[in-house]
Amino acid sequence: MQGEVQQIARAAGWNINASGGVEDGYIALVSVPGRDTYEVQLKELKSALGWKHLNRERAHLLMSTLPIEIEFDGPQHDPSSYYWKLQITKGSATKWAEKVLALIESNEMETTICTEEPIMAPGALTQAAINRLNEKITNEVFLIIENDEELRREYERTVKSMGKRDVNKLIGKGVKATYNLINADGRENNPSSTLISSHLKLKLVES
């Protein structure tokens, strides 16, 4: 498939490795007339440039050398992910890399590199928002209970029978199991629900 590169976009935090380095932190947003905008990974481009990973400065450099069009291929969508699993072709990567290397050799980088922070891709934005929601999903469930007259009444009856500590603990476990989440780092010590004083932060199981 062939399309116009609109932007080099910043991907979400799931691309940060265990040592804190960004592995595939940036992708290309490619618009195909009459179809859609796709999130295209740049593995072949990094390979052609000899770059192990992309960072903000390199993303700016790529923005300064955007080709008119690129070709990309691969499966249209991975059902297990929010991301389009498409790759730039080797041919397009080679041509783009040549433009980048020519700019580097011309010593004009400082005047031509875009200084605007790369935007976050829609899929990455979605995932980042979901990650934040997962961290505080326990609080959100307790807020629903707290603000719903019927649920609040049943909660108070159950607390009277079993004790608040045990009830809250079981609700927290139920949230975790229902959404197939695991413990993230740290606790939320200032939840907005008055039914709890703190709760574990949660996250999706990493695939």
Worksheet entry | Entries in 136/164; 169/201; 52/203; 46/203; 136/169; 164/203 that, when Cα-Cα distance is taken, lie over 22 Å | 52/203; 46/203; 164/203
Worksheet item: Counting Lys and Arg as +1 and Asp and Glu as -1, each charge on the Cβ, what is the dipole of the stretch 115-181 about the Cα centre in debye, to the nearest 20?
Response: 520
Response to the item:
Once phi for every residue in the stretch 131-139 is put through the Karplus expression 6.51 cos²θ - 1.76 cosθ + 1.60 (θ = phi - 60°), the whole-Hz ³J(HN,Hα) values, with Gly and Pro written as x, are 4, 5, 5, 4, 4, 10, 4, 4, 4
Discussion item. Just to be sure I understand the model, the point goes 7 Å from the Cα along the line to the Cβ. What's the resulting residue 125 to residue 99 distance in nm?
Written reply: 2.4
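Each reported figure results from applying straightforward, stated rules to the coordinates on display, with no laboratory input. The structure presented is a predicted model; accordingly, all values stated were derived computationally and were not measured. Here the Cβ is made from the backbone with ideal geometry for all residues, glycine too, and neighbour counts use every protein chain on show.
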